[in-house]
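Novice: This is the structure I want to talk about, given as structure tokens.
Each value in this text was obtained by applying a stated rule to the coordinates, not by laboratory testing. Owing to the predicted nature of the structure, the values given are computational and were not obtained by experimental measurement. With ideal geometry, Cβ positions are generated from the backbone for all residues, glycine too; neighbour counts draw on all protein chains shown.
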Amino acid sequence: MVDSTVGSVMTKHVKTISSEKSLSECLKLMKDYNVGSVVVLEKNEIPAGIFTERDLINVAAGGSLDLKMNQVMSKPLTAISPTATLWDAISLMGKKDIRRLPVVDKGKLVGIFTERDVFRLLIVRQSLILESVAEYLPATTREQLQSLIGRMTTGTTPPKISEKT
């Protein structure tokens, strides 16, 4: 799992905003799309920073909604390549104490790797382990296990527990 690449598991649809837009416009974007961060781009579409819920807390203490994104974004941007391993990404996130890691290839934003992506990977791996032992369990236990896996993988397709042969 940790040898997989960031590009294979990253979220590809990233919300972005121009560094010249206002904080108010950014907050509307975050609310409308129910996202916790927006990558801030310079005029040439180069990622320059990120604005997160944490940044909002810092700004709310005394800032104005009329501030421009280049005044409130977190910078310099910590980013990673899509060819980096998951271990590299998770280590970098821990070292920098960040929850979102923009993925940049040749200067262009191609995705974002988040804590949610890490949790999703862990849940899928756990489901595969549970599935591998299920064939040795009684039918009633398999049904209970299938229900548990379904609850764990809400939003993803849970694996089907095979019948004992």
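Novice: Which FRET efficiency value, to the nearest 0.05, is calculated for Asp66 and Thr11 with the Förster distance at 41 angstrom and r the Cβ-Cβ distance?
Specialist: Efficiency, from the Cβ-Cβ distance: 0.85.
Novice: Any idea what % of Cα-Cα pairs in region 1-105 are farther than 23 Å?
Specialist: Roughly 28 percent, once rounded to a whole number.
Novice: Considering only DSSP beta bridges where both residues belong to region 1-56, give the percentage that are antiparallel (nearest 5).
Specialist: If I count the DSSP bridges inside region 1-56, around 60 percent turn out antiparallel.
Novice: Given H placed on each backbone N at 1.01 Å, which residues far from Ser4 in sequence or on other chains put an amide H within less than 5 Å of it?
Specialist: Here the answer is Leu86, since their amide H atoms fall under 5 Å of that of Ser4.
Novice: Once every Cα of region 3-45 carries one equal point scatterer and solvent is ignored, give the base-10 log of I(q)/I(0) from the Debye formula at q = 0.17, 0.23, 0.28 Å⁻¹, two decimals.
Specialist: Taken in order of the listed q values, log10 I(q)/I(0) reads -0.55, -0.80, -0.98.
Novice: When 1/r is averaged over all different Cα pairs and the result inverted, which Kirkwood radius in Å belongs to region 80-119?
Specialist: Value: 10.2 Å, from the Cα pair sum.
Novice: Mind giving me the FRET efficiency for Tyr33 and Gln144? R0 is 41 Å, r the Cβ-Cβ distance, nearest 0.05 is fine.
Specialist: That gives a FRET efficiency of 0.65.
Novice: What residues have an amide H closer than 5 Å to that of Leu41, excluding those fewer than 5 places away on the same chain, when H is modeled at 1.01 Å from N in the peptide plane?
Specialist: Counting only residues 5 or more places away or on other chains, the set is Ile17, Ser18, Ser19, Ala48.
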